[in-house]
Amino acid sequence: MLSTIIFDKMKYYILFGPPGAGKGTQATAMVEKYNLHHISTGALLRKEIAAGSELGLKAKALIEQGCLVPDEVVEGMIENEFRTVTGVDGFLLDGFPRTLPQAEALDAILARNSDEVTATVSIMIPDAMIMERIKGRALKEGRADDASEDVINNRIATYHSQTEPLIGYYRNAGKYHEIDGTGTIEEVRDRIFSAMDKF
Ligand code: AP5
Ligand code: MG
């Protein structure tokens with residue numbers, strides 16, 4: 001008799017939200033609880049800058065002005081991580097996609113393996129709280145794009161003009177789940193866990 005082997009599909013979670021919403025903070029607990037690989041395109045780009053690579057040199061000027069790097073650059077990084085990371089139940093995409101073309105490219109990359117985005121977990125905070133949290137982090141971490149109020153304001157404006165439209169994209173696909181990002185780190189984490197436990 002033929003036996004049927006059922007493989008669990010890989011999960012692809014998008015961790016969405018404005019700058020300083022708490023994506024990186026919450027990602028740590030999420031990857032541990034759900035056995036995911038964390039991909040932060042911002043962290044990958046900062047690694048390239050620190051290494052002084054050609055890509056890093058190109059990205060540096062854009063990041064330090066609070067602008068996005070070209071779509072193809074981050075799409076290539078994501079594909080590379082999908083290809084090379086194994087031994088996890090899925091991926092947690094932090095800061096990707098950030099434009100509609102990136103969201104469409106992600107769908108196309110996943111469709112090639114008959115995969116799809118599992119869910120978008122969106123951490124939302126008001127703009128005034130973004131400024132407050134990023135200024136707090138600037139005192140501890142020294143990220144170049146946290147150093148000036150003008151750059152932070154440009155990151156917020158870039159988020160509203162280029163990234164916010166993705167809310168409609170994922171909402172239309174029935175894959176958008178918004179989490180209140182205000183309150184303590186633990187309160188936000190618990191809200192995320194209770195949403196993710198249902199996916
Ligand atoms: P990226 O590194 O992704 O930065 P970001 O989206 O601006 O988000 P942050 O990392 O600033 O915030 P976060 O949400 O992770 O908050 P965190 O947990 O640290 O991208 C940087 C740049 O790279 C972009 O501007 C762009 O140029 C480029 N880039 C990246 N991806 C790209 C893409 N896909 N396409 C094109 N370009 C791309 O929390 C912030 C602070 O708040 C911390 O100090 C934390 O301790 C604190 N905090 C967190 N939660 C709480 C809480 N509940 N209560 C109190 N404090 C809290
Ligand atoms: Mg981050």
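Restricting to Cα pairs below 8 Å that are 6+ residues apart, what does the relative contact order work out to for the stretch 98-188? Please round to a whole percent.
Taking the mean separation of contacting Cα pairs over the length of the stretch 98-188, I get 46 percent.
Using the beta-carbon distance between Glu79 and Leu139 and R0 = 30 Å, what value does 1/(1 + (r/R0)^6) give for FRET efficiency, to the nearest 0.05? Don't jump to the answer; show the numbers that get you there.
Numbers: r = 36 Å, r/R0 = 1.19.
The value I calculate is 0.25.
Normalising by the residue count of the chain, find the relative contact order in percent from Cα pairs under 8 Å and 6+ residues apart.
Across the chain, relative contact order equals 32 percent.
In the neighborhood of Ile39, defined by Cβ-to-Cβ distances under 11 Å, what is the net charge if each Lys or Arg adds +1 and each Asp or Glu adds -1?
-3
Which whole DSSP H helices in the chain pass both tests: a Cα extent of 24 Å or more along the axis and a mean Kyte-Doolittle value no lower than 0.0?
Sorted by number, there is nothing, because no helix extends far enough and scores high enough.
Give the separation of the Cα centroids, the stretch 74-136 to the stretch 13-29, in Å.
Taking the Cα centre of each part, the stretch 74-136 and the stretch 13-29 sit 10 Å apart.
Tell me the trypsin sites (Lys or Arg not before Pro) within the stretch 93-199 that lie in a loop according to DSSP and have at most 13 other beta-carbon atoms within 10 Å.
Answer in residue order: Arg112, Lys198.
Pull out the extension gain between Ala147 and Lys47, defined as 0.36 nm times the separation in residues minus the alpha carbon to alpha carbon distance; nm, one decimal. Numbers along the way, then the final one.
On the way: separation 100, 0.36 × 100 = 36.00 nm, distance 1.82 nm.
Result: 34.2 nm gained on full extension.
Can you list which of the chymotrypsin sites (Phe, Trp or Tyr not before Pro) found in the stretch 1-110 are DSSP loop residues with at most 11 other C-beta atoms within 10 Å?
Phe7
On a 20 Å Cα-Cα criterion, which of the cross-link pairs Lys11/Lys60; Lys175/Lys198; Lys23/Lys140 come out too long?
Violating the 20 Å limit, Cα to Cα: Lys11/Lys60.
List the residues whose amide H sits under 5 Å from the amide H of His38, counting only those 5 or more places along or on another chain, with H placed 1.01 Å from N in the peptide plane.
Close amide H contacts, sequence-distant or interchain: Leu92.
Want the number for Glu72 to Ala111: 0.36 nm per residue separation, take away the alpha-carbon distance, what's left?
12.3 nm
Every number here is computed from the coordinates shown, using simple stated rules; none is lab data. Since we're looking at a predicted model, the values are computed, not measured. Cβ: placed from backbone, ideal geometry, glycine included. Neighbour counts: every protein chain shown.
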